[in-house]
Amino acid sequence: MKPLSLEPVFLPATADTANIRARLKKVRAPEDSISSLLGTDFDTAYDTLRTTAAAGTAADEAAQVTSTLAEMDSVLSAAGSEGENDSQRIILHAAILQILTALHIEQNSLDDAAVTAARALSLLARDPKRKDTPFLQVLGCLLYDISHLHGERGEFKQAEREVEKSIKVFERLAKTNPDRYASPHVMALNGATSVYRNRVKQAELLAHYQAATSSYLQMLNSGVEDAAARLVESLTAEGDTLARMGRHREAIQYYSRALKYLTRLEPAFTLHQLRLSIALGKSMLSVSAMREKGVHLLNTMLHKATKINALDEHRLIVDALYHAKSRSLDILSLWHKVFPK
């Protein structure tokens, strides 16, 4: 599955959807499905639609789920002005279009995704002053998916703007209900690591939300932990890319942030922490002002590698320290010893 809002890790279902799922299994007509969904609270309806779409995608049945939702969209569209002032019907319709957008992107139907996204935004724009939770969560998910759509098309400026708006939407929601919305807030931050071309702006954005993300990790919430683990992976990958490019100062920022989150996720020292610490230490060795700290960190990791019997990592550290010592030799002083004045 692509990194879209339908991923279970993005917005883990918190509503009990068992009853509504049982009801939907008994009906066939899209009108009846819509009626059942309108007969429950929005979070339950939305979680039901999202989890059904995610399960269908995982089972290679995305086309079938897309067809079912498209039928429901047609029924709601045909109602036209009849449901014009029905806020519950409008937000359900927008939610269906948002999920269709994600499904189209998943199936590489980018033009169809652009159409459903535009229609969803049009529905949401009918009441621009509306800022309730159902409105905001659909908007946040939609912006996240549109950001991915523009990223796929190489339209990164638009993608950056959209993911920033998605981050702000979920930040707002997470302040009132972190159990439900901390995970999408972290995942939207994670999305920024793939669409930002300017890594300075990217690093500033991530630094701005670091306190919030760290506070989420104090919650006993597996959804947040899964999202944070994804963010650690992305930050590490960014650090690796920067290190390969020789941009070690920037790499240090990404490795340090990834390690901070990782140590919260894994309180006991792990092989994962060891490898990330080695990457951080090696980048430190390449920055003259950080070299001593890098040597100290790697020496510390040398002892830890011995304790957990990480032989390959032990050899990597020894090699890194050896090369660091070799680089620190004063070549000019050697030259003067060989060729004195």
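The values are calculated or read from the model by the stated rules, or taken from the named source; none is laboratory data. Keep in mind it's a predicted model, so treat the numbers as computed, not measured. When we count neighbours, we look across all protein chains shown, and the Cβ atoms used for this are built from the backbone with ideal geometry, even at glycine. SASA here: full protein model, heavy atoms, side chains in, ligands and nucleic acids out. Shrake-Rupley method; radii C 1.70, N 1.55, O 1.52, S 1.80 Å.
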Answer from F42, F10 - the residue that is within 25 Å of P184 (Cβ to Cβ), of a type outside the set (S, T, Y) and in contact with a Phe, Trp or Tyr (Cβ under 8 Å, 6 or more places away or on another chain):
F10
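Rundown of residues vs (1) of a type in the set (D, E, K, R); (2) touching a residue at least 40 places away in the same chain (Cβ under 8 Å), yes/no style:
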residue	(1), (2)
K2	yes, yes
S5	no, yes
P8	no, yes
T17	no, no
L24	no, no
R28	yes, no
L38	no, yes
A54	no, yes
Out of the stretch 146-160, which residues are in a helix (DSSP H, G or I), in contact (Cβ under 8 Å) with a residue 24 or more places away in the chain and open to solvent by 40 Å² or more (accessible area, probe 1.4 Å)?
E152, F156
Test E233 against the stated conditions and say whether it is at pLDDT 90 or above, open to solvent by 60 Å² or more (accessible area, probe 1.4 Å) and within 16 Å of the chain's Cα centre (by Cα).
yes
How many residues does the stretch 247-263 hold that are out of contact with any His (no Cβ under 8 Å at 6 or more places or on another chain) and open to solvent by less than 50 Å² (accessible area, probe 1.4 Å)?
11
Which ones in the stretch 13-43 are buried (at least 20 other Cβ atoms within 10 Å of the Cβ) and under 28 Å from the mean Cα position of the chain (by Cα)?
T17, F42
Do we find that T51 is open to solvent by less than 60 Å² (accessible area, probe 1.4 Å) and either assigned to a helix (DSSP H, G or I) or in contact with a strand residue (DSSP E or B) (Cβ under 8 Å, 6 or more places away or on another chain) (or both) in this structure?
yes
Restricting the stretch 54-74 to residues that are of a type in the set (D, E) and assigned to a helix (DSSP H, G or I), the one surrounded by the fewest Cβ atoms within 10 Å (Cβ to Cβ) turns out to be E71
With the structure loaded, tell me whether L173 is at pLDDT 95 or above, open to solvent by less than 40 Å² (accessible area, probe 1.4 Å) and farther than 22 Å from V138 by Cβ or whether it fails that test.
no
